[in-house]
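Reading through the structure tokens given below for one structure.
The values are calculated or read from the model by the stated rules, or taken from the named source; none is laboratory data. The shown structure was predicted, so the numbers you read here are calculated from the model rather than taken from an experiment. Note: ideal-geometry Cβ built from the backbone for every residue, glycine included; neighbour counts use all protein chains shown. Each accessible area value is taken on the protein alone, full model and side chains, heavy atoms only, with ligands, DNA and RNA left out. Shrake-Rupley method; radii C 1.70, N 1.55, O 1.52, S 1.80 Å.
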4 protein chains.
Amino acid sequence: MTEGTSRIEAFSDGVFAIAITLLILEVRVQHAGVEGSLWTGLVALWPYYFAFALSFFVILVTWIAHHDLMRLVRATSRPVQLANGCALLYVTFIPFPTAVLAANLGGSEASTAVAFYCGTFVLGSGAFNLLVAAIARGQLCRPEVDAQAIGRIRRGYRITFVIYLAATVIALVAPYVALALNVAVRLHLLRIRYQLAPSVPTREDQPTP
Amino acid sequence: MTEGTSRIEAFSDGVFAIAITLLILEVRVQHAGVEGSLWTGLVALWPYYFAFALSFFVILVTWIAHHDLMRLVRATSRPVQLANGCALLYVTFIPFPTAVLAANLGGSEASTAVAFYCGTFVLGSGAFNLLVAAIARGQLCRPEVDAQAIGRIRRGYRITFVIYLAATVIALVAPYVALALNVAVRLHLLRIRYQLAPSVPTREDQPTP
Amino acid sequence: MTEGTSRIEAFSDGVFAIAITLLILEVRVQHAGVEGSLWTGLVALWPYYFAFALSFFVILVTWIAHHDLMRLVRATSRPVQLANGCALLYVTFIPFPTAVLAANLGGSEASTAVAFYCGTFVLGSGAFNLLVAAIARGQLCRPEVDAQAIGRIRRGYRITFVIYLAATVIALVAPYVALALNVAVRLHLLRIRYQLAPSVPTREDQPTP
Amino acid sequence: MTEGTSRIEAFSDGVFAIAITLLILEVRVQHAGVEGSLWTGLVALWPYYFAFALSFFVILVTWIAHHDLMRLVRATSRPVQLANGCALLYVTFIPFPTAVLAANLGGSEASTAVAFYCGTFVLGSGAFNLLVAAIARGQLCRPEVDAQAIGRIRRGYRITFVIYLAATVIALVAPYVALALNVAVRLHLLRIRYQLAPSVPTREDQPTP
């Protein structure tokens, strides 16, 4: 972590940590909307647990991706600060579509809710594409990161943008397929980014000075 | 980042990160206040999305300004801690006028809501003027920051104070002009502060020891 | 603290700090559900104070345990990031069972509420077992931590898992015994971990370089 | 900041930053409880603004006090972690008595609300007394802090405990005098701690190694 990115990383980490923790505020017994025993109510909340866990997973993977990306960067610039701001706007917005999803899963408006939820990821992916572009254009990568690696990362972010767009369209006809596609993309991203790591000296490899 | 300001920066970063993330708690489907499909409700929430994005932008620019300012400082003092506290009081207050704005945009009380929203920035700008004054009086700037630069910064903060005051008055007769003025000032600030940076050795220029 | 774990620790600390602070949002005078003076209302909130203090204690002990564990680790890996994510999912979930507990303590559904509360700790303990396993398998401990110490830690985490499972079953027949067992386990953990520390050079012992 | 206290300080800073930012969630137009124009509603919220600003000031001064105290400490121990946990329990609790205060200022139950608010500070002061005692008993101060200074600090904390207790009793008969006494004590603490600082090498004085 260079000095040049430490405060932007700390601020971003704070936003990620808060957004991921606020998700629970939407899970409330009153939302179950059923009469009967406490146990019935707790079971009827399954869409809330599902949406909570799904968005937690989404924000966690996004945090890991942000972490992996900023590790390549040696310094920030004004465009990077603004593009990072757009990415964080997306992260702080996530609790709202999560609440919409939870309230409509299994209901008659599920496809609208899932399309809205998936559409959020299209905008978020757009923000991350901006961030990668701002880093690449400003030539802000560490010297050990070669131009090819950056090109591959940019292409990867463009491909995920297209997939998120497709998932949003699919959501209108098959909402649960769209959700599954979103989970699959992120599980795949976790693997890709892991394989990408060796091209950059990881922190573990660096001798602690 | 000198040792002398690291804990005040960490605390401030935390407050900025939380205030910016709490904004989403005000965006709720129930607030749409319309009957009909989920889609109608999500569309009717446009004043909430607008107010959310606007205040996100305001807090982000304020964070960048705070970041730029603290980079000039080598140590804190009790007056700086208190003036910084006033600036943070303003930042934590922002979610409330944002909620007032969202609930009244496009309604009959829009001018009152926008004037209240803009008035908050007058107080906030006052707090930042106090902070700059506390730094300048305590001679707490790093040696490489010359007195002229500090003078220019203080003058800049006084000018924005006057503009925010003017925007609040304008809000009473033309609320949307006042909001546009607020956005314009901040876009301009982003440019000015960027140009100011070269006079101070930026972190990127410093060799990492 | 090695470079390799600093950002995961900072993110985790953020999540712990936010989850522990959100607990208070559930304590509200309206929840008292009694008519009469303010004083009567404040007294009738005792289950809320109790649940608040209990979950605060639980999260604090979990934070200390996480702190003690990460101190043994020299670097992170993808499995550690994911297992740590599961542990944090558990931490962010705690405010919900706490709210359920507070609303039902002393009521006719107390045993369901306490079983749900205790069941959360079973899942949480499972996540921590995953985390310890990911650290041990990846051989990510600092060189001064011998294999025996790790074995002892893993065994300890497995035993607490079984105790939390037992407490959940006990809750169905004797809810207050189950809560007492949970407190007792954590008080004991505080002592055990303290005794474990000497095998690892504690921070106090290290000369500050 | 020694390595030995960095993670406990980071966690505490997080809790302080979140608690101070959550205060705004209690300020809502609906709480005004008046009919009429938006402006009437915003004006009628004065007890909420007052309670918000007062508790902000209280948490800020507490943060500064915590900051000043931890600066004397070279390492943590289990008793310090637990006593610090009690101090943080108090900090996270503050939003609740603040809400009670705001809802009852100027009403018929003001004295109960203020006594409850002031009583919270008695418990908080007790927690800080525990923390100072744990530091002193564990001989965890930096070598440059002499025993006399610690003795003076402990005496100071005991005196403020007695004053907070007195304020709580006074609140039952003269609530606004009790609030004024609380403000006065904190303004005085800000001065005392400032004068105490020279006996300890401040960060500014230390050469950055």
So the angle from the long Cα axis of helix A:175-196 to the longest Cα principal axis of chain A, reported in degrees to the nearest 10, equals 20 degrees
Under a 1.4 Å probe, counting only protein heavy atoms, A:Leu187 has an accessible area in Å², nearest 10, of 90 Å²
A 1.4 Å probe over the protein heavy atoms gives chain C a carbon and sulfur accessible-area percentage of 65 percent
Taking a crude spin-label model, label points 7 Å out from Cα along the C-beta direction, the A:Arg191 to C:Leu187 distance in nm is 5.0 nm
Descending accessible area (1.4 Å probe), largest on the left, turns C:Ser108, B:Ser6 into C:Ser108, B:Ser6
Nearest 10, in degrees from 0 to 90: the angle of helix D:95-104 to the longest Cα principal axis of chain D is 30 degrees
Under the rule rounded for a/c under 1.5, else prolate if a/b exceeds b/c, else oblate, using alpha carbon gyration tensor axes a ≥ b ≥ c, the protein assembly as shown is classed as rounded
With the 8 Å Cα cutoff and a minimum separation of six or more residues, the range A:88-202 has a relative contact order in percent of 31 percent
In Å², rounded to a whole number, the accessible area per residue of chain A with probe 1.4 Å is 40 Å²
Checked chain A with the C-alpha gyration tensor, a ≥ b ≥ c its square-rooted eigenvalues, rounded below a/c of 1.5, otherwise prolate if a/b is larger than b/c and oblate if not; verdict prolate
For the range A:8-47 the residues that are at least 40 Å² less accessible with all protein chains than alone, 1.4 Å probe, are A:Phe11, A:Asp13, A:Ala17, A:Ile18, A:Thr21, A:Leu22, A:Ile24, A:Leu25, A:Leu38, A:Leu42
Taking every other residue with Cβ under 13 Å from the Cβ of B:Leu45 and scoring Lys and Arg +1, Asp and Glu -1, one gets 0
With Cα coordinates, the longest principal axis of chain C makes an angle with the long axis of helix C:46-70, in degrees rounded to 10, of 0 degrees
Probe 1.4 Å, protein heavy atoms only: D and B together bury a total accessible area in Å², to the nearest 100, of 3100 Å²
For the pair B:Trp46 and C:Ala136, the simple spin-label estimate (label points 7 Å beyond Cα toward Cβ) gives in nm 5.9 nm
Dividing the surface of the Cα convex hull of the range A:1-113 by four yields a projected area in nm² of 8.0 nm²
CD proxy, 222 nm, chain A: helix-only mean residue ellipticity via -39,500 (n - 2.57) per DSSP H run with n ≥ 4, per residue, nearest 500, stands at -25500 deg cm²/dmol
Note on chain D: contact order normalised by length, alpha-carbon pairs under 8 Å, 6 or more apart, percent, works out to 22 percent
Calc'd 3J(HN,Hα), the range C:121-130, phi into Karplus 6.51 cos²θ - 1.76 cosθ + 1.60 (θ = phi - 60°), Hz, glycine/Pro = x, comes to 5, 5, 4, x, 5, x, 4, 5, 4, 4
Looking at the range D:54-68, residues buried by 40 Å² or more relative to their chain on its own, accessible surface at probe 1.4 Å, turn out to be D:Phe56, D:Leu60, D:Trp63, D:Ile64, D:His67
Longest chain A segment clear of GluC sites (Glu not before Pro) sitting in DSSP loops (not H, G, I, E or B) with at most 13 other Cβ atoms within 10 Å runs A:36-143
Spelling it out for C:Val73: with amide H atoms placed in the peptide plane at 1.01 Å from N, the residues 5 or more places away or on another chain with amide H under 5 Å from its amide H are C:Arg142
